[in-house]
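J.: The structure under discussion is supplied below as structure tokens; questions concerning it will follow.
The values are calculated or read from the model by the stated rules, or taken from the named source; none is laboratory data. Every value quoted in this text rests on a predicted model; they were computed, and no experiment measured them. Cβ sites come from the backbone with ideal geometry, for glycine too, and all protein chains shown count toward neighbours. The accessibility values were calculated without ligands, DNA or RNA, using every heavy atom of the protein model including side chains. Shrake-Rupley method; radii C 1.70, N 1.55, O 1.52, S 1.80 Å.
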Amino acid sequence: MFLDLHCHSVSSDDSRSTVEQYVKWVQVLRKRGYIVDGIVLTEHRKFDYDKDYSALAEQNGLLILKGAELDTRFGHVLVYGVSEGLTRAIDFSDVRMDARELIQAARQHDAVAIPAHPGRFGIGLTEYIQQGESFPGLEMVEVLNGGSRAGENERAEELCQQFSYLGIGGSDAHMTSHIAACMTEFRAAIANESQLVDALLSKQFQPVRLEETARVASA
């Protein structure tokens, strides 16, 4: 399965795209020969318990899952498998939280927290590691980000090589046409947030660019 693990709808304060617009654009991409099996909405500093996209997903044959992107004092972190227990344990609006505590709390509540765009200049995890911070137990980061500037994904790749991190991919879309620019290819079938967490923990995945799926589709 090819899933875009990082995108933002109008529920985030800096995006203009609706989920419906993303879904329509995915259909355009599919007609062009690309494979997009699903997207994960990772809204900023929140988790949308009240939003249900199941009908939209079923109508369009597209998996639509929900996660979150949280601000920490060591960069942004993507969270998958969000539960009420986790939102009670962690204040999602706290932009000064310790990323290490978030990563630990996520696992305690059967979720997974993964640093986003670690190569981003100024705010990525690479910056903090270079300052002497350490992140024991960290196993994976977002290595392929569709919104990264020149050199940033390369820095993320260098980080993965240095610490043997696994890498996921996501578009970081805030605009409709950016959806699925980068994705993660999973070996397992995924139908819900819990299965996504299991698939990440299995370590059977790899980051891909949209263009790479066209070769798979034609094979």
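J.: Among what's in the stretch 36-80 and is without any contact (Cβ under 8 Å) to a residue 12 or more places away in the chain and charged (D, E, K, R), pick the residue that is most open to solvent (accessible area, probe 1.4 Å).
T.: Top of the filtered list is E58.
J.: Scanning the stretch 24-61 for residues that are of a type in the set (A, V, I, L, M, F, W, C) and more than 21 Å from the chain's Cα centre (by Cα), which turns out farthest from D172 (Cα to Cα)?
T.: Per the stated criteria, the residue is A55.
J.: Can T213 be described as polar (S, T, N, Q), outside any helix (DSSP H, G or I) and open to solvent by less than 50 Å² (accessible area, probe 1.4 Å)?
T.: Criteria not met by T213.
J.: Also, quick follow-up: Show the residue pairs meeting these rules: Cβ distance below 9 Å; 6+ apart or different chains; first residue within the stretch 17-28 and basic (K, R); second residue part of a helix (DSSP H, G or I).
T.: K24/N60; K24/T176
J.: It is to be established whether one or more residues within the stretch 6-28 are of a type in the set (A, V, I, L, M) and open to solvent by 60 Å² or more (accessible area, probe 1.4 Å).
T.: Yes: the stretch 6-28 contains one or more residues that are of a type in the set (A, V, I, L, M) and open to solvent by 60 Å² or more (accessible area, probe 1.4 Å).
J.: Return the total of residues in the stretch 175-189 being of a type in the set (V, I, T) and either open to solvent by 10 Å² or more (accessible area, probe 1.4 Å) or more than 16 Å from T213 (Cβ to Cβ) (or both).
T.: Within the stretch 175-189, residues that are of a type in the set (V, I, T) and either open to solvent by 10 Å² or more (accessible area, probe 1.4 Å) or more than 16 Å from T213 (Cβ to Cβ) (or both) number 1.
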